[in-house]
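Working notes, beginning with the structure itself.
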Amino acid sequence: MKLKLALAQYTDALTNLKLAKSEPSEIEILHILVARDAIEEALSEKTQLSVESLAKLLELDNFLKQQADAIARGAKLAEWRATFHPSTEAWWWFLEPTSDEEVSHSHPLEPLFNGLTIAGLTAVAAYMTNFVQLFSTGGISLVESFGLLGQGGLLLTVIHTLQDTGQEKIKNLLKKLNISPQFHSPATLGITAMLLLASVGVYNSLPQIGKWNYREGKKLSEKGLLEKAQEKYEQAAKIDPNNWEIQIALGQVYESLGDLEQASKEYKGALKRGYPHAFNNLGRVYISQKDLITAESLLRMGLQRVRKEDFQLNYELHQNLGLVLFKQKQYQAAEKELRQAVAIDQAIEGKELGGGMAYCLLEDVLEQKKDIKGQVYWRKKCLTYARPETLDQYKWFIETGKQDIAGDIDTTGVVNGQSQPSTQP
């Protein structure tokens, strides 16, 4: 709000200067300089600047520089600097009349070059605004992201250039390098073009940065650092919102943390694009919410879409469908689904799939069918292979009176909230 007001005052002051039919007075010039000071103060307080406002500021600054001769003639800038002690970065207090040498050596296309430079810096600012919005909520920082792409130094150059009025900084550098004034404008435009191309390159590389966040989130999840994993996944999802793997991973973390509403939101995002993992995981959420009809529908649709070679997901779909049918007291149908899940597991020697919950569920099914021998057999298998993946699955052991098993099973999956990778024979 402070920046918006300062920009409006600066605009009014320069508009009056533009419309004036005579040379500006000292009071009018002082008003312009103070108004520009107010903008710099607002910027130093990290006030967010929209692309439109930045474009306006660049346009106004360019106009002010064009009035250097009139301001130098109408003001006692040297005396004012001695009184107010402005920073050397405040170029507006150091405006000087254009020398005859500069005029004679200026490039004939300088106005065009200056206009293109302003447009280029505005475009760079647009990209930077987008980057800041993407990287402002945890996860990998903006500087880290550019560093990841080998362009960390370039980022700092871009920020410094935009904050300190790029054209003036670049031209001062060119003067120090003893480059002829005739080439200042085209050189400034060239540097701006390089910054713009670099920004475009980083923008096009955002999906790679998203994948990096995803991989880092996966590592953190495997270590049980769910909150940190959540930050990485959320950052990845913000950068690459259409990546279903990121949505599924983020949903699993939410589910492990007990936030079923957020988990459901992520799974539904992947569901819209038809990914079978989303049908399975969302079905699991509906089981937790006791909406068994919706859960059954989702799981059956998932089975219609899953690839045969995706053994992990086939296992989970049959297991979860078996649970739904068991809760609906369809014991015969539940046993069929659970035995299919177990068959997938046992077909791969030495490889443990999923949460192993199918063994535990089969025990309950056979208990309802009064098959004592089968119940004992599958209870032993449950104790050996059970690996619940969510808090709700672990709570199931307590709710069904299996506290003895609950104390001995592997709960790594509950912490990780993540399934094992798909396995092929």
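All of the numbers you see were taken from the coordinates with simple rules; none came from a lab. As the structure is a prediction and not an experimental result, all values here were calculated from the model. Neighbour counts are summed over all protein chains in view; Cβ atoms, including those assigned to glycine, are modelled from backbone coordinates with ideal geometry.
Relative to one another, the C-alpha centroids of segment 278-357 and segment 51-78 are positioned 70 Å apart. The modelled label-to-label distance between residue 336 and residue 294, using points 7 Å beyond Cα along the C-beta direction, is 2.7 nm. Size of the dipole of segment 1-97 about the Cα centre, Lys and Arg at +1 and Asp and Glu at -1 on the beta carbon, nothing else charged, in debye to 20? It works out to roughly 140 debye. For segment 1-97, averaging the sequence separation of C-alpha pairs within contact (under 8 Å, six or more residues apart) and dividing by the residue count gives a relative contact order of 34 percent.
Coupling constants for segment 231-245 follow from the phi torsions by the Karplus curve (6.51 cos²θ - 1.76 cosθ + 1.60, θ = phi - 60°), and in residue order they are 4, 5, 5, 5, 5, 4, 5, 5, 6, 10, x, 9, 8, 5, 5 Hz; glycine and proline get x.
With a threshold of 32 Å on the Cα-Cα distance, the over-threshold entries among 211/268; 290/381; 238/327; 228/380 are 238/327; 228/380. When each of the peptides 242-248, 17-23 is scored by the mean number of other C-beta atoms lying within 10 Å of its residues, the order from highest to lowest reads 242-248, 17-23.
Between residue 205 and residue 384, the modelled label-to-label distance comes to 5.1 nm, taking each label 7 Å out from Cα in the direction of the beta carbon.
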